[in-house]
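S.K.: Okay, handing you the structure first.
The values are calculated or read from the model by the stated rules, or taken from the named source; none is laboratory data. From a predicted model like this one, the values you see are computed outputs, not experimental measurements. Because the Cβ atoms are built from the backbone with ideal geometry, glycine has one as well, and the counts that use them run over all protein chains shown.
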Amino acid sequence: MKKLSTFLIALLIAQFSFAQTFITEDFSSTTFPPNGWTIEGVPGQWSRSATANAGGDAPEAKFSYINQNTTSRLISPVIDLSGVSSATVNFNHFYDHYANGVSIGVATRSGGGAWQVAWQVTPTGNVGPLVQAVELTGVEAADFQFSIFI
């Protein structure tokens with residue numbers, strides 16, 4: 001079974017000589033998705049798991065494979081990045097390969113608009129556990145969001 005497990009998601013903002021964390025999620029709340037987060041696509045594919053497969057501490061978010069042709073997203077709350085020109089999304093993940101042709105990635109948007117892919121990979125085997133850092137530019141918006149998608 002193919003799974004995308006994310007342990008910790010942090011949006012780190014680098015500005016001049018200091019960094020600021022605008023959002024972090026460790027999935028410790030028993031509510032899933034966590035407060036402010038949403039799921040788009042097939043909600044039954046995402047869950048909170050008491051495992052640490054992604055290389056961090058339990059619990060973690062888990063994506064379970066269901067044969068379908070729809071993109072499924074775990075979407076962050078709206079984040080105010082006014083005055084911020086670049087950001088980094090860091091997350092732990094483990095990809096348990098099940099079938100070829102499936103992509104995982106990070107996308108961004110503002111104002112509820114169309115998703116723009118910031119990072120994407122189409123594995124041909126298992127990946128991780130590892131920490132993925134995705135550099136984002138042009139993020140300056142009062143209504144910024146990112147998603148982990150598969």
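S.K.: Quick check on the stretch 3-46: of everything there that is farther than 21 Å from Ala107 by Cβ and either of a type in the set (Ser, Thr, Tyr) or in contact with a helix residue (DSSP H, G or I) (Cβ under 7 Å, 6 or more places away or on another chain) (or both), which residue is modelled with the lowest pLDDT?
M.R.: Ser17
S.K.: While we're here: When you go through (1) crowded, with 17+ Cβ neighbours inside 10 Å; (2) out of contact with any Phe, Trp or Tyr (no Cβ under 6 Å at 6 or more places or on another chain); (3) of a type in the set (Ser, Thr, Tyr) one by one for Ser76, which number turns out not to apply?
M.R.: Here Ser76 meets the rest and fails (2).
S.K.: Does Ala142 qualify as being surrounded by 12 or more Cβ atoms within 10 Å (Cβ to Cβ), of a type in the set (A, V, I, L, M) and in contact with an Asp or Glu (Cβ under 7 Å, 6 or more places away or on another chain)? Before you say what the answer is, go through the steps one by one.
M.R.: Working: surrounded by 12 or more Cβ atoms within 10 Å (Cβ to Cβ): yes; of a type in the set (A, V, I, L, M): yes; in contact with an Asp or Glu (Cβ under 7 Å, 6 or more places away or on another chain): yes.
So Ala142 fits the description; yes.
S.K.: Assuming Ala99 fulfils every condition listed in (1) among the small types (Gly, Ala, Ser); (2) surrounded by 12 or more Cβ atoms within 10 Å (Cβ to Cβ); (3) touching a residue at least 40 places away in the same chain (Cβ under 8 Å) apart from one, which condition is it?
M.R.: If we test Ala99 against (1) among the small types (Gly, Ala, Ser); (2) surrounded by 12 or more Cβ atoms within 10 Å (Cβ to Cβ); (3) touching a residue at least 40 places away in the same chain (Cβ under 8 Å), just (2) comes out false.
S.K.: Do the conditions hold for Val131, that is, is it under 21 Å from Gly56 (Cα atoms), surrounded by 14 or more Cβ atoms within 10 Å (Cβ to Cβ) and out of contact with any Cys (no Cβ under 9 Å at 6 or more places or on another chain)?
M.R.: Criteria met by Val131.
S.K.: Pull out all pairs, ordered by first then second residue, where Cβ-Cβ is under 8 Å, the residues are six or more apart or on different chains, the first lies in the stretch 60-73 and is over 9 Å from Ile150 (Cα atoms), and the second is crowded, with 23+ Cβ neighbours inside 10 Å and of a type in the set (Gly, Ala, Ser).
M.R.: Glu60/Ser5; Glu60/Ala54; Ala61/Ser5; Lys62/Ser5
S.K.: Could you grab me the full set of residues in the stretch 120-150 that are of a type in the set (A, V, I, L, M, F, W, C) and either without any contact (Cβ under 8 Å) to a residue 24 or more places away in the chain or not in a strand (DSSP E or B) (or both)? Reasoning before the result, please.
M.R.: Our first condition is that a residue be of a type in the set (A, V, I, L, M, F, W, C); within the stretch 120-150, this holds for 121, 127, 130-131, 133-134, 136, 139, 141-142, 144, 146, 148-150.
The answer is Val121, Val139, Ala141, Ala142, Ile150.
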